[in-house]
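FYI, it's all coordinate maths here, none of it is from the lab. Predicted, not measured: the structure shown is a model, and the values here were computed from it. Here the Cβ is made from the backbone with ideal geometry for all residues, glycine too, and neighbour counts use every protein chain on show.
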Amino acid sequence: MNQQHRDPQAADNLRHVQFAFLDALDRGERPDTWLQRYPQYAAALIDLAQARDLEAALPPPTAASVAAVAAIARRTLAATTGATLSLSERARLAGLSIRDLAARVGLTSDILFKIDRRVVRPETVPGALVRDLAAALGCTAAALRAGLTGGPVTAGALYHAKQAPQVGQQTFAEAVAASVALPPADRQRWLEAAAHPDAE
C-alpha cells in the first residue's frame, strides 16, 4: 500500500494539491510546472489531468441519466444513513406515485397527500395504515412513522405577508370523512381503524 494512503496527513496534502492543480488547469496553467513542483505526486496529478481531459470530451449528460443517478443516490442515502424520509420521498424511491400508493392501501391520494404534508396529525394515523404503507414501500413502520413527525408542511411558496399562512390540522378520521372520492367500504374500514390508531 502507498505510504500517502496510510498517513492521513499525506492523503490530506495530496487532496489539497489535487484541488489546487485542477484550479490551476482551469486558469490555463500548464501541468508540467506542477509536476516539477510536486514530483512525489506526479503519477496522481497525471492521472487527474487525463481524467479531466476525458471528462471534458464527454457529451453533457442527458436528463434521464441525471435522474437515474439521482435515484440511485437517494436509495443509497436512505439505505446507508437511515435518513428520515417523507411519505412522498419513500414513494418516489419505490417507483410509485402518491396515487399508486393510495390505491395499494385503499385510500385516495388527497388523504395520503394530507398525511405526507402532516395536515393530518401524525399521532392519529392508524397503525394498520402505517403497517400497510410500510409494506408497500419496503420499509419498517417505525421508519415510516419517523418521516411523519412534526408540524404541517407548507408548499414552499413565497409569501408577501410577514409570516406564512397557518395550516390547520385535522385528524385522520376527519380527513377520511371529508374525502369525497373514497369509496364507502374503504371509508368505513378506515374510520374503524381510526378509532384505534395505536393498533399495529
Residue by residue through the stretch 93-107, the couplings from Karplus 6.51 cos²θ - 1.76 cosθ + 1.60 with θ = phi - 60°, in Hz, x for Gly and Pro, are 5, 7, x, 10, 8, 4, 5, 4, 5, 4, 4, 5, 9, x, 10
Built amide H within the under 5 Å cut-off of L85, gap 5+:
G147
Please report I46, I115 as a ranked list, fewest other C-beta atoms within 10 angstrom at the top and most at the bottom.
I46, I115
Ordered by packing density, taken as the mean number of other Cβ atoms within 10 Å over each peptide's residues, highest first, how do 47-56, 138-147 rank?
138-147, 47-56
³J(HN,Hα), Karplus 6.51/-1.76/1.60, whole Hz, each residue of the stretch 43-58, x for Gly, Pro:
4, 5, 5, 5, 4, 5, 5, 5, 5, 5, 5, 5, 5, 5, 7, 6
Cα-Cα pairs above 15 Å in the stretch 11-57: how many percent?
37
